Each structure stands twice: as structure tokens, then as C-alpha cells.
Amino acid sequence: MTKLLMISGNSAADILSGVRGAFYNTLGELYKYWDRIDIICTGKNNTDPGCVFGNVFIHPSPWHKIFQPFWIKKCGNKLAREHYYNLMTVQEYPPFYNGFGTWLLWRKNKIPYVLQIFHVPGYPKSAGIKESFYRWLAKKFIARDAKNVAAVQVMNKTQTPKFLITAGVPENKIVFLNAIYLDLETFKPLGLEKKYDVIFVGRLADNKGIDLFLDSVRLSGVNAVVVGRGPEEKKVESFIKKYNLGGRIKYAGWVKDSKEVAELINESKILAVTSFNEGGPRVALEAMACGVPVISTKVGLMKDIVSNGENGWLVGWDAQEIAETIKKAISDEELLPKMAAECVKTATAYEKKEAIAKFVDGLKQYMRP
């Protein structure tokens, strides 16, 4: 009887609110490998505890997130009295509520745990003062955070490990286990007419570089579609109005499901990632799975998998450079179709069933009997 205890964030509570996003889809495969999975997470809109897939139990906090460490301790201790867990996985990010709470839980129960650091805010480039502070905080705290862990999981092979080693995490504790799992039945070439030169898909937050994307579209003279919602959405609407770009930039907002995202990507010639910092991002591989090349800043997994002129292009954080790269790419009518096959080939390695099987296999070495 193998049991997993997961310490997570809002995405788990979102599932109980009816959201069927990436985390839900991951659990839809992950649950098959465990007799029971319990997820302790932050609360959202007074969400009650619930169960999905028959053996995945979600325990959202009834308290404000500032008290999350103590909810992890309280709920975790109760669950540990009722169940013998072979392993914990802990999704960690500033301000490190999850790591501190898990340490409180570990002191009593000694359940081995894997710390998952998928994204370091402010690294490699900060989007503002808050991210700069979080990067500083991570550098000061992360080695202590990782002191008692079985391993520190990262989702890219170069950028995040470099930061962690500099911050004092022992290199032998850092392990790359893929954390992007694609539904290749949804994200695939659909043969749709290309309506847009370039597409942006993502949460409209400051680290995503939406200003950079909009400015590059303005400078390049291409047409674009923006998919996503978040604190920066008013900025998108204001930019379109200010520069009278309603005829060239469509703001689609947040679409209903992955199928619609896949269709919009298929209707675009290129996907642009203009982020200042990322772990992945997942959407770049979703685009590649659709046969759509990616223009990306040098963030996260993109540094590992993007080959210039083969499945995409790496660029700096400069709107003019991005604009020139977009124009050059779409001006060659033979280039993008040739790149499509290489894009699909790159994405194939992230097929959900196979990738999750490898992830679980990677976790086995840290489980207690």
C-alpha cells in the first residue's frame, strides 16, 4: 500500500472549485500509481475538503495563508496518525510557507520528502522590486529549507540548479525530474488556417513580460492574439487603445478549456514567451506539440530545449530584437512548416502517461518502505 502526501498551493483548491487545468490533468494520471494521495493546500473561497479520482483527497486550509505552515502541521499530523505515508512532495516558493510547514511536520513524523522548486521569482531577471526581494530571500533561505530533504526536484537542467548551488544547496541533492506532462490528444497539429502571426498564452502577471510582448507586436507590425487573465489585463486593454491596435491585437481573455487553447495555438504561426523568469513554461511545449515554433527569452526549460532555427529562437529581453525575430520568421513561407516536425518531435518526450511514469519511477528512490 503506497501513499503520497503532497503539500501544494492554490491549484489544488481550484480543482475543488471546478477548475480542470494542468494540475487536475496531472492527477488524472498520477493517482494510478498510488493507493492514496492526500494534498494539503492553501484555501480559496472557503472551499470544503473533497475527493477526485476516488483516491485523491484535497485538504484546503480554512485559515489565511499567513497561517499556512500551522495548517500543514495540524492537518499533516492528523493524516499521519491515520495513514502511513511513503513520501511527501512539497511545492515550494516564496515566502516559503510550504517549506516551513513541512519542516514542522517532518520533525515529528520523519516522512521523507522531496522539495520541488520549479520557479525562482526574479531569476534570471526580475520584473520588479517584489521579485528582487523574493530572489534575495530565496538565496538566503533555500539552503536551510533543503537541509532535511531527501532531494530537491527541479524542472530544468541548467538555470534553476545553477541558482540553487550558488545559494548553498548541495549539488548531490538536486535532481531533475520532468514536471511538464502533455496531453498529445489535445495538443497536436490540427491543420487550421493561420489567423495570427504570433500568440501569447499565460497568466497576465508582471513576470510574464506582457509589456515586452505588446511592444514587440507594435514594433513588428504583425497581428497577434493574447490569451490569459490576471492583474495585468487592464494594461493589455490600455495598450491596445493607446496605440490604436484593435485591428492587429485581439485580446481573447481566458478561454474555457485546453481544447480551445490548442485551437488558438494552431491558428497562430508562432508562440512568443517574453517572461523574465519561469520554470518551464508549459505552454511553450504545448505549442511545439501543435507544430508551432517558439520565440522565447532565455528562461527556465527554454534554455535546455530551444534550438535556434530548428524548433524556435532564443532572444533577449528587448522588444526590438523580438520584433525583428518575429518578422524574420514569418517572412519565410517555407521555414515554419519545416520546423513544425522538429517541434512535434521535441514535445513527444513530454507525453503525459510516459512522463508521469518516469516521474514516479524517479521518486521511488526516496520512498521509505
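Structure notes:
- GNM flexibility winner over the chain from T325, T274, T42 (Cα, springs under 10 Å): T325
- Note on K338 and L192: the extension gain reaches 50.9 nm, defined as 0.36 nm multiplied by sequence separation minus the Cα-Cα distance.
- Label positions at E324 and E237, each projected 7 Å from the Cα along the C-beta direction, are separated by 3.6 nm.
- If you take all other residues with their beta carbon under 15 Å from the beta carbon of Y84, and give Lys and Arg +1 and Asp and Glu -1, the sum is +4.
- Computed extension gain for E82 through D35, at 0.36 nm per residue and net of the alpha carbon distance, reaches 15.5 nm.
- The residues neighbouring R203, those whose beta-carbon lies less than 15 Å from its own, together hold a net charge of -3 under the Lys/Arg +1, Asp/Glu -1 convention.
- By average C-beta atoms within 10 angstrom, highest first, the peptides 328-340, 206-218, 140-152, 75-87: 206-218, 140-152, 75-87, 328-340
- For the chain, DSSP calls about 5 percent of its internal beta bridges antiparallel.
- Each other residue within a Cβ distance under 13 Å of D14 adds +1 if Lys or Arg and -1 if Asp or Glu, for a net charge of +3.
- Filtered chymotrypsin sites (Phe, Trp or Tyr not before Pro), segment 263-369: DSSP coil and at most 14 other beta carbons within 10 Å: none
- Segment 159-236 - charge dipole about Cα centre, Lys and Arg +1 at Cβ, Asp and Glu -1, debye rounded to 20: 80
- The distance linking segment 249-324 with segment 83-124 is 30 Å (Cα centroid to Cα centroid, whole angstrom).
- For segment 253-321, applying the loop criterion from DSSP together with a ceiling of 12 other beta carbons within 10 Å to the trypsin sites (Lys or Arg not before Pro) yields K256.
Read-outs throughout are calculated quantities, based only on the coordinates presented, and are distinct from any laboratory measurement. A quick note: this is a predicted structure, and the numbers were derived from the prediction, not measured. Heads up, the Cβs are rebuilt from the backbone with ideal geometry, glycines too, and the neighbour counts pull from every protein chain shown.
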